[in-house]
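**Q** Encoded as structure tokens, here's the structure I'll be asking about.
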Protein chains: 2
Amino acid sequence: MAKTAGIVIIGNEILSGKVQDANAAYLLHELRLLGVDVKKVSVIPDEVDIIALEVATFSRQFDVVFTSGGVGPTHDDVTIEGIAKAFGHRVIRHPELERLLRSRYGSELNEARLKLTEVPEGAVLIREDSLWLPAVAMENVYIFPGIPDLLRQKFESIKERFRDRPYFLRKVYVKEGEGNIAAFLHDLLREFPELMLGSYPDIHNPSYRVMLTLESKDEAYLHTALERLLAMLPGNSVHQTL
Amino acid sequence: MAKTAGIVIIGNEILSGKVQDANAAYLLHELRLLGVDVKKVSVIPDEVDIIALEVATFSRQFDVVFTSGGVGPTHDDVTIEGIAKAFGHRVIRHPELERLLRSRYGSELNEARLKLTEVPEGAVLIREDSLWLPAVAMENVYIFPGIPDLLRQKFESIKERFRDRPYFLRKVYVKEGEGNIAAFLHDLLREFPELMLGSYPDIHNPSYRVMLTLESKDEAYLHTALERLLAMLPGNSVHQTL
């Protein structure tokens, strides 16, 4: 069970605009469905010291941390070294990973591929039947590959361990602009201070101007707040409630 | 002219997976074309203290900072307050913004809309003919709206002020897996330590297995490094060079 999470996306290719990241959006969507509150996403370069500092900070601040990228066999794959440094540990070759790679590559298991057996000392392997290579976790940091298909495969296999109480979400589409409804939202939050209330203008949609989102882990509280909001808003201003 | 940059994306809707961010990818792509080296992207919630801390840190670390989101008229729009706090300044209503909004909204300029005139004290307006509302900058922090169309419009209008020497980029698509070429890449970097060299596997493309990217602001250096790499790689292993 995880209440809060942070995501660290590692890769010069993202920061330099050559490759568009898809992993943050995927993890944000999945973690929300699991009831996990993601507090921060960082995108940082393939540099050991920067990775070490970011992972150490995230690991202290959040219940769980997910990293994406920088775990392949080439020179720019320095995530393992960075995470090891974050915890003041050495990098070791994990015997179980070496056995798995040896059975796959045989005599083609060169120095570069042996890099795939490296983990921070003290890391644990998470074996799942669906995974050829186990997932790797160092304390509360889950180390994922950057290739989206592989990241999804690993996350899918282990995601149930993060499940928390679900969020309940309702949406109200409003035909008035934000400037005309801001005062109502303000009043609603005074009555329902625990409500997670979002207001998102859409300048393209012809049927409504603002999407309001109401969220809570307490379904009854959410229901009451929604009723109150609908009573407050001027007649005719609601396009749709979902 | 800006050598380094950081991007701060502000919005609970992104972190909660309700809305997928498009602004980071846009800015990363545009800034690279301008020759600017983006060092970090953060996605953080609509919370004054978190915004203040992140913006203060980014402002010290990078030449320029771009924020996206949290500048509308509703309760969850607290970016201006956060940025003001980052610099230890008050929030004020800017007379020029008030004049512009008054000419647009007339008697409909209510309290909520007046929030759109707020800036950190000491902020400057950047007027461009193409912009109805000027862009706002506080020291080296450029404050953009979260709505992608509006962000793009503002960025397009002011982007030339950030232009630096361009990056030159070449790509080599290789039919071998990373495990078989890692040693060559390592050797190449020993000879060309200033080369920005990336290696990105593609598990879906039938014609190649890895895209190598070579980058430099020195075109001659890049050219020599590319020639050297092509001489190193085994015959037949190069699918395409772009």
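**Q** Just checking: which of the helices (runs of 4 or more DSSP H) contained wholly in the range B:95-197 hold 3 or more residues that are touching a Gly at 6+ places or on another chain (Cβ under 9 Å)?
**A** B:178-191
**Q** Which of the following residues is modelled with pLDDT of 95 or more and out of contact with any strand residue (DSSP E or B) (no Cβ under 9 Å at 6 or more places or on another chain): B:V65, B:V48, B:V91, B:V78?
**A** It is B:V48.
Matching residues to (1) small (G, A, S); (2) open to solvent by 30 Å² or more (accessible area, probe 1.4 Å):
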position	(1), (2)
A:R113	no, no
A:V119	no, no
A:G122	yes, yes
A:F184	no, yes
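**Q** Considering only residues that are part of a loop (DSSP other than H, G, I, E, B) and charged (D, E, K, R), look in the range B:208-222 and name the one that is farthest from the chain's Cα centre (by Cα).
**A** So, considering only residues that are part of a loop (DSSP other than H, G, I, E, B) and charged (D, E, K, R), the one farthest from the chain's Cα centre (by Cα) is B:R209.
**Q** Out of B:P193, B:P206, B:P166, which single residue is open to solvent by 50 Å² or more (accessible area, probe 1.4 Å) and closer than 27 Å to A:L109 by Cβ?
**A** Just one listed residue meets the conditions, B:P206.
**Q** Hey, any hits in the range A:139-159 for a residue that's in contact (Cβ under 8 Å) with a residue 40 or more places away in the chain, more than 14 Å from the chain's Cα centre (by Cα) and open to solvent by less than 30 Å² (accessible area, probe 1.4 Å)?
**A** No, there is no match, as no residue in the range A:139-159 is in contact (Cβ under 8 Å) with a residue 40 or more places away in the chain, more than 14 Å from the chain's Cα centre (by Cα) and open to solvent by less than 30 Å² (accessible area, probe 1.4 Å).
**Q** Which number in (1) hydrophobic (A, V, I, L, M, F, W, C); (2) in a helix (DSSP H, G or I); (3) surrounded by fewer than 18 Cβ atoms within 10 Å (Cβ to Cβ) marks the one condition that A:A225 misses?
**A** The single condition A:A225 does not satisfy is (3).
**Q** Got a sec? Which of B:E98, B:E176, B:E191 is within 30 Å of B:Y208 (Cα to Cα) and touching a helix residue (DSSP H, G or I) at 6+ places or on another chain (Cβ under 7 Å)?
**A** None of the others qualify; the one that does is B:E191.
The values are calculated or read from the model by the stated rules, or taken from the named source; none is laboratory data. As the structure is a prediction and not an experimental result, all values here were calculated from the model. Please note: Cβ atoms are built from the backbone with ideal geometry, for glycine as well, and neighbour counts cover all protein chains shown. The protein model used for the area step is the full one, side chains on, heavy atoms only, and it has no ligands, DNA or RNA in it. Shrake-Rupley method; radii C 1.70, N 1.55, O 1.52, S 1.80 Å.
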